[in-house]
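Comments concern the structure below.
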Amino acid sequence: MGRPGLRESRLIMAAKAVFLDRDGVLTRAVIRQGIPFAPVSLEEMEILPGAVEAVESLRKAGFLTIVVTNQPDVARGKMKREAVEAMHKKLRGLLALNDIFVCCHDDGDGCKCRKPQPGMLNDAAERFGIDLSASFLIGDRWKDAAAGKAAGCASIWIDFGYDEPPAEAADFIVSSLGEAVAVILKNPR
């Protein structure tokens with residue numbers, strides 16, 4: 001047994017994270033009749049300009065960078081799970097990501113991971129010891145902002161003017177990923 005006063009107590013700091021939607025935030029969404037859709041093949045996936053630098057800036061600022069993405073085309077039979085995994089392998093090779101969480105369920109499946117439910121964020125928080133109240137979610141659809149809010153994160157909505165409901169749960173509204181990163185760096189939680 002050590003002598004009193006010689007033992008140091010260690011504080012365990014919870015991590016902070018930026019959760020990023022994939023399509024429309026890091027990769028180009030495929031727009032049909034004003035509605036964004038996910039690319040369905042590796043060849044169709046395009047990393048958006050500035051995404052690499054944005055993720056790197058977040059990492060340098062001390063944030064974990066974690067993708068949280070709904071991919072319902074797998075459940076709908078429009079895309080194979082292997083195509084999603086190939087896209088994520090490419091993302092991991094190009095971006096400084098800590099992890100990627102994916103939900104392949106459809107709306108009617110009632111799962112806890114499909115945004116607007118916070119399941120993917122909660123799972124990431126448990127795995128990485130993340131303080132959700134010190135974290136952010138960046139997305140381009142109302143479901144993203146709602147999931148962030150439900151998890152206790154600040155939600156940043158990139159408004160691309162899609163023909164769908166606005167993200168009323170968003171704490172910040174921006175027009176690009178670069179602008180979202182600037183908001184985070186100016187407003188640490």
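Every number in this text was worked out from the coordinates using simple rules, so none of it is lab data. Note that the structure is predicted; figures quoted are calculated from it, not measured. Don't worry about glycine lacking a Cβ; one is built from the backbone with ideal geometry, like all the others, and counts go over all protein chains shown.
Structure summary
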| item | result |
| --- | --- |
| Nearest-20 debye value, the range 47-189 charge dipole, Cβ charges on Lys, Arg, Asp, Glu | 400 |
| Approximate shape of the range 17-186 as ellipsoid semi-axes (Cα gyration tensor, √5λ), whole Å, largest first | 21, 18, 17 |
| Orphan Cys of the chain, criterion: no other Cys C-beta under 4.7 Å | Cys104, Cys111, Cys153 |
| Sorted by Cβ density within 10 Å, fewest first, the residues Ile138, Ile184 | Ile184, Ile138 |
| The chain: relative contact order as a whole-number percent, Cα under 8 Å and 6+ apart | 22 |
| Sorted by Cβ neighbour density within 10 Å, fewest at the top, the residues Ile35, Ile66 | Ile35, Ile66 |
